[in-house]
Structures are given as C-alpha cells and as structure tokens.
Amino acid sequence: MAWSNQSKEYQRLLEIGRPPSIRGLFPNSKGLIVSGKFIDRALMAKGKAMTIAANGRNHLIIRGVLAAAQRADAAVIIEIAKSEGGSSFYCAVNYWNMARQVDALLNEMGLTVPVAIHADHYGIKSEKDLARAKIEVPTMFEAGVTSIAIDASHLPDDQNLLSSVAINPFIPGWAGLECEVGEIKGDVGLSTPAEALFLVQGLNAHGIHPDWIALNNGTTHGIQAESAGIHVDLTASIHQAVAPYGLSGAQHGTSGNSSERLREIAQRTRTTKANVATALQMVSWGVEIDDYGNAILKDGALVKVPGQGVGEDLWAEMVAVGTEKKLKAGDYKSLNLPFENKMLSQPLEIRRRVAKGVEDFVHKLLTTVFNSEGTAPLAYEAIMKANGYDPGPKAGRLEDPAEWTEARIRERAKALGVDKGPAGNFDD
C-alpha cells in the first residue's frame, strides 16, 4: 500500500526521487512528482499492466484522476498534448502550469502516489517547428514537465528520426521519453515492424533510449466513428520487434475501445501507458458514454445525463455556444478553454460531483481494465533501487553509429516502402 507522507521512507523518496527541477519548484512539497521512467518501470514490474496517462483538459479532471490513483494505489501520468495545452491550445491546462496544479492537489489532498507530468504529442512537422522546439522544450522542463513524447511522425521516416535526434540534447537525460512512428489516423497507414525498428535502431545508434513507442495501430483520437479500434496482433508484433531495445508501448486513442480490447492490450502487449483524453472530458461534463468511453450521440448531438457532471445551466450555455459556432460533437473540445473558469465557479457540490465522476470512472479503469492497482509501491521500490531520480536506460547501445549517419538514414528510409495513408491534420 502507499506509504504515509509522514513516514521516514516516504521522506526519503521525496529527497532522492524528485528530479532537480521539481525540487527547485516545490522545495517544501510532499507530492511525489517523478520521471516518467519510474512509472513505466512500475508497470513493467507488475507485468501485463498499463496505467492511465490522463489528459487533464480541465482542473477537475486532474483532481478526479489523482484521487482515483490514490484509491487504487497506482502510479499514474498526468499529461496534456501540444494541441490541447501547447503554444497553440484549446485548454486552460498547459505544459507550463500542469505541474503546479498537480503538486498543489497532491499536497491539498495528502496523496502519496507517484505521478509523472507528461508533455504528450509534442509535434514537430517542419524545420520551423524544430527550431521552435529547441527554445520551447527546455522551458517546459523548467516548469515541471518530467516526461515528453516527441512526435515527428507527421514527417517521412528519415525526417522523423533526424528530428528526434536533433531535439534530444534539449531533453534532460533523466526524463521519460516517448517516440512515435506512424500518425494516429485510424485503420489506414498502419505502422509496421520495419518502420518501428528503423526509428528505434536509429535512435539507439545515437545513444537515445526511449521508454515508450507509440504507433498508428488502428485507433483514432476523439469520438470514435467506428468500432474497429486497436489492432492487438499488430501491436504485439511491433512491441516484440523492438523488445531488445527496452521499449514499452504507449497506447493512444483508448477512449473508443471496449474494456475487453483494452484488457487484451494490457495482457498481450508491452503497453504500460494508456492515454485517455476524450472520455475524461465527457465524464467531467456529465455526457452519456458507453463502455468504450465513447460519447453516445442522439441525432449527432451529445446527451447530458441529469445530475452528473457540470450544472444543467452551464451545460445549456455550452450547448448554446456550440450551436452558435455550428460545432460537431467532436469539436466541443474547443469549449474547454472558454468554460474552464465557469466550471471552477460552479457551486462546491457540483465541482465535487464532477471530480467524483472522473474519480469513479478512472478507478474502474485502473482496477478492472488496466491492471495497474498496487503499482505505486513498485515505483517506490524502483526509486530506492536507483537511489535517485534517474533509473537509467532499459537497454544499452546495440547499433553501430557509423551505420546511422544522416546519409545512411536517408538511404535506409527509401527502402522501407511503407504506406503512410492519406495526408491531413490528425492532431487532437
């Protein structure tokens, strides 16, 4: 079980387990914000388990997720994507205030579970994006981010690899690191083992050892339009191919997949990180969802459950804005920013029911679907074993750098012959 925040053992975790940036930002904190590496290690130690990487699109979602984690004694990740909370954004929660919100809640609620602060889908789509990233990424770690997903998957394979190599010196070596191969765009342009190996081997040759790899394995972001979902066999085969390099899987777009399929992902693949975004947004609003975490639409519109989520008056106002702007159900996400303060200004009893609804939903995921219950102590053990805030890489250098020069990378990429699917903007 999670240790008391008054115990000597827990005090030791705070002393050695928090990276320097977190200790500097929150010197008197009793919140255990750690590198994403330790969250991954805890789930690996349990085996056949993954934990939630919860997109905190509003403050009450973060509160509910953290409460669920403590109930389940689970190590968790709080994250936001670049499109949600980067320099272009539709949420009030962002890369630069997320750690402060998490730390404040951990202390207010007396929570002791280990939490990573993850910058998800940090997209690099051009040389201009890469130049900006070299300035912006360090500021995110200065603000308390402890883990990042570099997503250059929108680019051709050689540019994905080269961009990932170029940005790496700006990421602390102790931080959790996720790489991505293949844009998340549903059942087209699916990732292949060869494509994944190309990225992972090239990174390895340059001394870069990601903790996770994300794939285009059949799912999409947002509200799911079909039930095809994650390709478990494909995911397992790619994870097996990259296993010698120590990578775990990061599963994006879980909201549209059934509990049965998500259990299968946990049981049959090396996935330790499961991103949940849209479902949490819908639960916090009190929108009706199915077992998949997918919003149930009536004539194309979201359906509010009376007495759940936000107040009925506030929901009516949100719908009015959505109607005025002619928003489709999937585009209601853009209401997060203009309605954040209005959510926080609701009566206490409504704020509590919003957070409790999220807590109950996430607790069920952690305990009956993801199999992550009891992983907090495993993270404690990993920190104690490392005797510090960095457990190091899971694998050493296996590739010859001479075989992965820029010229050889471009040559190798031409031989991949992968189908990337249709072009388009697949951010969420």
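Where a number appears in this text, it was derived from the coordinates with a stated rule and is not lab data. Computed from a predicted model, the values in this text were never measured in an experiment.
Here are the numbers:
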item: Region 240-249 - phi-based ³J(HN,Hα) in whole Hz, Karplus 6.51/-1.76/1.60, Gly and Pro as x; result: 5, 5, 9, 3, x, 9, x, 7, 9, x
item: Exceeding the 29 Å Cα-Cα cut-off - candidates K30/K128; K82/K298; K356/K385; K82/K356; result: K30/K128; K82/K298; K356/K385
item: Region 1-152 - convex hull of the alpha-carbon atoms, volume per residue in Å³; result: 106
item: Distance between region 199-219 and region 355-384 - C-alpha centres, whole angstrom; result: 26
item: Subset of K134/K328; K134/K326; K328/K364 violating a 31 Å alpha-carbon distance limit; result: K134/K328; K134/K326
item: Matching label, semi-axes √(5λ) of the Cα gyration tensor in Å computed from the structure shown, candidates [x] 41, 23, 21; [y] 41, 29, 20; [z] 31, 27, 20; result: [z]
item: Amide proton proximity set for R270, modelled H, under 5 Å, gap of 5+; result: G249
item: DSSP beta bridges in region 12-403 [antiparallel fraction, %, rounded to 5]; result: 15
